[in-house]
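Undergrad: To start, I am sharing the structure in question, which I have written as structure tokens.
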Amino acid sequence: MRIYIAGSFVDQKELRPEANRIWALGHEITGTWLQEVKRPAGMPEDMFKRKLAIKDLCEVARADLIILDNRRSTGGKNAEWGFALGEFQHKQAWLIGEPTNVFQELADQRFADWDACIYYLAELSKGESDVVV
């Protein structure tokens, strides 16, 4: 399954191990923002931000599942979440943490923490190789 992890950029380093755990279950992580470190030399900041936004939305579109880490209410993650909800027929949306707005109430699955989410994903992974959640 292709999975996009949405979260606040300040939590990037904390989310990398979670992405690794998901990858170890045999899933693809579509969100490359977890590895981004800096703007390329010579690229204006406004252009860089526009390119990041387009890239992130394309990566959300490629995913079968978006997992929203809701430990913080900041960041573009809510735009990614809304974009994913627009593809509700083809994509699952899971929330980790408590909803902080009405659109997060639309989550297909809610988990208290990453351990619960990974456990659920692992159980799904034990079944058919083409599990549709």
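The values are calculated or read from the model by the stated rules, or taken from the named source; none is laboratory data. Here the structure is a predicted model, which means the values were calculated and not measured. A quick note on method: Cβ atoms are made from the backbone with ideal geometry, for glycine too, and the neighbour counts reach across all protein chains shown. All accessible areas refer to the heavy atoms of the entire protein, side chains included, with ligands and DNA or RNA removed. Shrake-Rupley method; radii C 1.70, N 1.55, O 1.52, S 1.80 Å.
Undergrad: Output the residues belonging to the stretch 25-52 that are touching a strand residue (DSSP E or B) at 6+ places or on another chain (Cβ under 8 Å) and either free of Cβ contacts under 8 Å to residues at least 24 places away in the same chain or of a type outside the set (Ser, Thr, Tyr) (or both).
TA: Step one: of the stretch 25-52, the residues touching a strand residue (DSSP E or B) at 6+ places or on another chain (Cβ under 8 Å) are 27-31, 34.
Within the stretch 25-52, 27, 28, 29, 31, 34 qualify.
Undergrad: Residue by residue through the stretch 1-24, note down the ones that are in contact (Cβ under 8 Å) with a residue 60 or more places away in the chain and open to solvent by 60 Å² or more (accessible area, probe 1.4 Å).
TA: Scanning the stretch 1-24 gives 2, 9, 10, 21.
Undergrad: Restricting attention to the stretch 33-51, which residues are open to solvent by 60 Å² or more (accessible area, probe 1.4 Å) and outside any loop (DSSP other than H, G, I, E, B)?
TA: 35, 45, 46, 47, 49, 50, 51
Undergrad: Something else now. Could you please find all residues in the stretch 13-51 being under 30 Å from residue 119 (Cβ atoms) and among the β-branched types (Val, Ile, Thr)?
TA: Step one: list which residues in the stretch 13-51 are under 30 Å from residue 119 (Cβ atoms), which gives 13-36.
Scanning the stretch 13-51 gives 22, 29, 30, 32.
Undergrad: All but one of (1) open to solvent by less than 70 Å² (accessible area, probe 1.4 Å); (2) more than 17 Å from residue 66 (Cβ to Cβ) hold for residue 27, so report the exception by its number.
TA: Status for residue 27: all satisfied but (2).
Undergrad: Being in a helix (DSSP H, G or I), surrounded by fewer than 17 Cβ atoms within 10 Å (Cβ to Cβ) and acidic (Asp, Glu) is the filter here; which residues of the stretch 75-129 pass it?
TA: Within the stretch 75-129, 105, 115, 123 qualify.
Undergrad: Let me ask something else about it. Within the stretch 52-74, can you find the residues that are open to solvent by less than 80 Å² (accessible area, probe 1.4 Å) and either in a helix (DSSP H, G or I) or in contact with a Pro (Cβ under 8 Å, 6 or more places away or on another chain) (or both)?
TA: Selection gives 52, 53, 55, 56, 57, 58, 59, 60, 61, 70.
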